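What follows is one structure encoded as structure tokens, with my remarks underneath.
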Amino acid sequence: MKLSFGVPDKRILDLAIKDLRQITRDRKSFFFLLIMPIAFTLLFGFAFGGNSTADPRLPIGLANEDGGELSQQLVLMLAASDVVRIEAEGTAVTELQQQVVDETIAAAVLIPAGFGSNLLDRGAVSVTIIGSGQAGFTVESEVETGAARVKSAAQTAQLSVDTAVAHNLLPAQSDQQVYFDDAFARALAAWEAPPVTIKHDESRAVADEANSNYSVFAHASPGMMAQFAIAGLMGAAGILVLEKKTRSVQRLLTTNMSRGQILAGHYLAMFVMIFLQLTVLILFGQLFLDLPYLGRPLATIVLTAVTALFCASLGMLIGVVARTEEQVTVLSLTPMFVLSALGGAWVPLEVTPESFQRIAYVTPLAWVIDGYKDILVRGQGLEAVGTAVLILLLYASVLFGLAAWRFRVD
């Protein structure tokens, strides 16, 4: 018997409405469709720092035994750092060492006496870092950067003084000190606003981090939406399995409904269910997580629609292949976990190795998540999600074709 798909008629709509009513009466379906994705979105978001007010900078202790102008300037730079924060200052070195051991602070910074004179006379940066591991290396790098700026500014100021003295412009020692302080301040200010800024955009990950609207929820929300859209298929696919077991499908075929119309009715129900699920989760993200899903409404609607088409096609294939409710559960949860793990639903692909990313983008969920992040993080519209839309339509077509073929031969 041939599959025939005409214009949707009342019989297809009635079958879809019947499926949707069965789904809404199942509390388990509601749990997987809405409660679980919201709970896991919050869990993953807060676990990875979403909307956290905690200071992300590394805590350090500092002992300044020099006390001079140059060492004080280094302290000010560290206090304004985006990498470290001074947690303990003016504490004895032995106490700072113990705090490092106790992991109260990430590292201790010791500025020894004579720091300023060594910097000016020999150009030597004599700062001791007490710490270990990656945190210690990070603190050391930040301190070295600050010390290098102080050194450069001091050398520039001293060169200006020497030049002025050589031309008899600064006869008095007091004038030399004032001139040095002024030149030193101007040199430091030049570090804050360099005349030339080089921006290197190596990947989309750089753009993600630079975007001020970025939130960990911008990854957790689409990731969990994609994951639980598949999990929500269990109820809908289970209805088709139940109809096959009770021979309801065979009874429908004795009426004037074709196999194509039966398949279309179940498919329409799955599509509507997933589309409504994603819409509710999008509104949750927009209203409660401050995610700009509606900043690009057309892109969001189109991507959501093709995601629902893909998931409905997968659900149809599960429904026609499975023989029992237990098989529906296995065939739904297995691809959910595999595709979620590979597609970056749990961990952003930007932090994974390039080889893993190449594998990830073979999976449809990677394109779903990446498409939503184009909207949320990068502020892009329909033109940016075009590739994701085409790939998801391809997956939907293949899966639906397999489902239709299997349904025909059953």
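Taking the range 111-123 on its own, how many of its residues are under 19 Å from Ser152 (Cβ atoms), more than 42 Å from the chain's Cα centre (by Cα) and not polar (S, T, N, Q)? Number satisfying all stated conditions: 7. Look at the range 17-30: where a residue is on the phi < 0 side of the Ramachandran plot, no partner that is among the aromatic types (Phe, Trp, Tyr) sits 6+ places away or on another chain with Cβ atoms under 6 Å. Examine the range 98-110 for a residue that is of a type in the set (Gly, Ala, Ser) and either open to solvent by 50 Å² or more (accessible area, probe 1.4 Å) or under 23 Å from Leu70 (Cβ atoms) (or both), and state whether such a residue exists. Checked against the condition, which is being of a type in the set (Gly, Ala, Ser) and either open to solvent by 50 Å² or more (accessible area, probe 1.4 Å) or under 23 Å from Leu70 (Cβ atoms) (or both), the range 98-110 yields at least one hit. Report yes if Trp405 is of a type in the set (Phe, Trp, Tyr), out of contact with any Pro (no Cβ under 9 Å at 6 or more places or on another chain) and part of a helix (DSSP H, G or I), otherwise no. Yes, satisfied. Within the range 222-238, does at least one residue satisfy the condition of being outside any helix (DSSP H, G or I), touching a Phe, Trp or Tyr at 6+ places or on another chain (Cβ under 9 Å) and surrounded by fewer than 23 Cβ atoms within 10 Å (Cβ to Cβ)? No: the range 222-238 contains no residue that is outside any helix (DSSP H, G or I), touching a Phe, Trp or Tyr at 6+ places or on another chain (Cβ under 9 Å) and surrounded by fewer than 23 Cβ atoms within 10 Å (Cβ to Cβ).
Quick one: would you say Val338 is in a helix (DSSP H, G or I) and more than 22 Å from Ile239 (Cβ to Cβ)? Considered against the rule, which asks whether it is in a helix (DSSP H, G or I) and more than 22 Å from Ile239 (Cβ to Cβ), Val338 comes out as yes. Being at pLDDT below 60 and among the aliphatic types (A, V, I, L, M) is a property that does not hold for Ala185.
Within this structure, Phe275 passes the test of being aromatic (Phe, Trp, Tyr) and open to solvent by 50 Å² or more (accessible area, probe 1.4 Å). Look through the range 23-41, keep the residues that are touching a Gly at 6+ places or on another chain (Cβ under 8 Å) and either modelled with pLDDT of 90 or more or of a type in the set (A, V, I, L, M) (or both), and return whichever of them is surrounded by the fewest Cβ atoms within 10 Å (Cβ to Cβ). In this case the residue turns out to be Ile23. When the range 356-383 is filtered for residues that are surrounded by 19 or more Cβ atoms within 10 Å (Cβ to Cβ) and small (Gly, Ala, Ser), the ones remaining, listed by number, are Ala360, Ala366, Gly371.
Here is the figure for the range 72-94: residues that are in contact with a strand residue (DSSP E or B) (Cβ under 8 Å, 6 or more places away or on another chain) and more than 16 Å from Glu144 (Cα to Cα) total 7. Pairs are defined by a Cβ separation below 6 Å, a sequence spacing of at least 6 or placement on different chains, a first member in the range 127-153 that is more than 10 Å from Leu78 (Cβ to Cβ), and a second member that is open to solvent by 40 Å² or more (accessible area, probe 1.4 Å) and acidic (Asp, Glu); the pairs so defined are Ile129/Glu140.
The values are calculated or read from the model by the stated rules, or taken from the named source; none is laboratory data. Please read these numbers as outputs of a predicted model, since none were measured by experiment. So basically every Cβ, Gly included, is an ideal-geometry build from the backbone, and we count neighbours across all protein chains shown. All accessible areas refer to the heavy atoms of the entire protein, side chains included, with ligands and DNA or RNA removed. Shrake-Rupley method; radii C 1.70, N 1.55, O 1.52, S 1.80 Å.
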